[in-house]
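The values are calculated or read from the model by the stated rules, or taken from the named source; none is laboratory data. Source: prediction; values computed, not measured. When we count neighbours, we look across all protein chains shown, and the Cβ atoms used for this are built from the backbone with ideal geometry, even at glycine. SASA here: full protein model, heavy atoms, side chains in, ligands and nucleic acids out. Shrake-Rupley method; radii C 1.70, N 1.55, O 1.52, S 1.80 Å.
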Amino acid sequence: MQYRRYANTDIMISALGFGAMRLPKDDDYAIECMQRALELGVNFIDSAFGYRGGTEAGPGSSEILVGRAIKAVPRDRVYISTKNPVSDPSGKAWRERLDISLERLDTDYIDFYQLAHSVSWEDYATKFRPAGCGWEEALRARDEGLIRHFGFSSHDTPENMLRLLEEGIFESVILQYNLLDRRNEPVIEYAREHNISVLVMGTVGGGRLGMSSEKLEGILPGTATTPELAIRFVLANPGVTSAMSGMNSVEMVEENAATASREAPLSAEELGAIEQALGENARLADLYCTGCNYCMPCPQDVGIPQTFAAMNMLRVWGLEDVAKAQYARLGPENREGLLQADACVECGQCEDKCPQNIPIIDQLKECHEALSE
Ligand code: SF4
Ligand code: SF4
């Protein structure tokens, strides 16, 4: 296993982190997976107050299983991360959530505490930092020895994440980064320059890169699987401290641990090949649809950019199952009320608004044929 330094400390954490969000359904097997990872040198596990069945207000079971799994090693040989949701913003509620996490993890302290889970700049400024909210409690809990290091996780824009880092109170950030989503590279670069650790979530694209794609594997001859390429890509970024992966089988743990044990994740030549292939594929994706949304709203509620985004998964990346699953999210159950392409009545309104001059009506028919089960 490779290890990288956590912020300005002597702590060396494993290049592969265990993401405990999507643990296997069977409790014993979930623990077995985490303990196999520990045996293979993984020393960093990331959970959250609400993972595995929790809600904004009530805890899930992930922390309990993590707490049981880490009993296999001395406490000082493993680094635990968990997160406090910014639901009820009062300091009292924040502290109660911390106490629940400590109890469920069955530990006296949390190594890397994400003071705010999936926080936006606005929530930070209005629900966490003001007097009487979580920040004062966080300082108190650190003085009491309950928290060792401060971090946060966020899905906000790169600009807002930079603002959060500029606050100067965090030693690490958990952010999304993978082969298909490189928006946060400026944040990673800033963090590297300021010795802030970057712990990556979504290394295998929330599962999208967990499936086999011949096109992606073809980028690097000698790459056995798409997840291998995905992990090597993330670890090749010198600003990344640990690439987290939600592993739900022992085999996956063993494969990912082997990948994270390679001394050099990618050579400059290999990185160049990836850059080139990704650049070409991104251009190819843009040729079809840039996702600008100018064609929306459609009077029939057809999810036009969403349909084309799913089609790009198939056409550009060869990820057929992912493309179909993404397309299946359109329909009467869709949260935003967006429908599949067969709801189109060919009124033509969208085509006039598309800067790419995409023959939307014909393309929608093609997409529906390729993506509907
Ligand atoms: S042509 Fe079809 S997709 Fe385009 S706006 Fe009309 S109904 Fe919607
Ligand atoms: S206007 Fe054209 S390019 Fe923009 S989202 Fe709609 S189809 Fe895609």
* V173: of a type in the set (A, V, I, L, M), surrounded by 20 or more Cβ atoms within 10 Å (Cβ to Cβ) and at pLDDT below 95, yes or no? -> no
* Asked: Mind checking which residues of the range 300-334 are hydroxyl-bearing (S, T, Y) and more than 11 Å from ligand 2 (Cβ to nearest atom)?
  -> Y327
* Does the range 1-46 hold any residues that are small (G, A, S) and not in a helix (DSSP H, G or I), and which are they? -> A7, S14, A15, G17, G19, A20, G41
* Filter pass, G318 being out of contact with any strand residue (DSSP E or B) (no Cβ under 6 Å at 6 or more places or on another chain), touching a residue at least 12 places away in the same chain (Cβ under 8 Å) and not assigned by TED's automatic domain parsing to the domain that holds L220 -> yes
* Considering (1) among the β-branched types (V, I, T); (2) part of a helix (DSSP H, G or I); (3) within 16 Å of ligand 2 (Cβ to nearest atom); (4) in contact (Cβ under 8 Å) with a residue 60 or more places away in the chain, say which one I361 fails and leave the rest. => (4)
* Boolean, Q326 is among the polar types (S, T, N, Q) and within 15 Å of ligand 1 (Cβ to nearest atom) -> no
* In the range 21-45, which residues are of a type outside the set (D, E, K, R) and at pLDDT below 95? -> M21, L23, P24
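Matching residues to (1) surrounded by 16 or more Cβ atoms within 10 Å (Cβ to Cβ); (2) assigned to a loop (DSSP other than H, G, I, E, B):
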| residue | (1), (2) |
| --- | --- |
| Q276 | no, no |
| G291 | no, yes |
| Q306 | yes, no |
| A309 | yes, no |
| N312 | yes, no |
| G318 | yes, yes |
| E336 | no, yes |
| E346 | no, yes |
| D352 | no, no |
* **Out of D99, D76, D88, sole residue that is among the charged types (D, E, K, R), open to solvent by 50 Å² or more (accessible area, probe 1.4 Å), in the same structural domain as R148 (by TED's automatic domain parsing) and part of a loop (DSSP other than H, G, I, E, B)** => D88
* **Among (1) open to solvent by less than 50 Å² (accessible area, probe 1.4 Å); (2) in contact with a strand residue (DSSP E or B) (Cβ under 9 Å, 6 or more places away or on another chain), the one test that S118 misses** => (1)
* To do: Look through L65, L38 and report the one residue that is aliphatic (A, V, I, L, M) and over 24 Å from V240 (Cα atoms).
  => L65
* Structure fact -> Across the range 131-154, the tally of residues that are surrounded by 14 or more Cβ atoms within 10 Å (Cβ to Cβ) and not in a helix (DSSP H, G or I) stands at 10
* Give the number of residues within the range 320-334 that are part of a helix (DSSP H, G or I) and open to solvent by less than 80 Å² (accessible area, probe 1.4 Å). => 7
* Consider only pairs whose beta carbons are under 9 Å apart and that are at least six residues apart or on different chains; among these, list those whose first residue lies in the range 174-191 and is under 16 Å from F233 (Cβ atoms) and whose second residue is of a type in the set (D, E, K, R) and open to solvent by 50 Å² or more (accessible area, probe 1.4 Å). => Q176/R183; Y177/R183; Y177/E185; N178/R208; L180/R208
* Structure fact -> Those residues of the range 361-373 that are farther than 13 Å from A309 by Cα, within 11 Å of ligand 1 (Cβ to nearest atom) and open to solvent by less than 50 Å² (accessible area, probe 1.4 Å) come to a total of 1
* **Test for L271: is it assigned to a helix (DSSP H, G or I) and away from ligand 2 (no atom under 16 Å from the Cβ)** => yes
* Structure fact -> With the first residue restricted to the range 330-354 and required to be farther than 15 Å from L364 by Cβ and in the same structural domain as F308 (by TED's automatic domain parsing), and the second required to be more than 13 Å from ligand 2 (Cβ to nearest atom) and open to solvent by 20 Å² or more (accessible area, probe 1.4 Å), Cβ contacts under 8 Å at 6 or more apart or on different chains are P332/L339; G337/D301
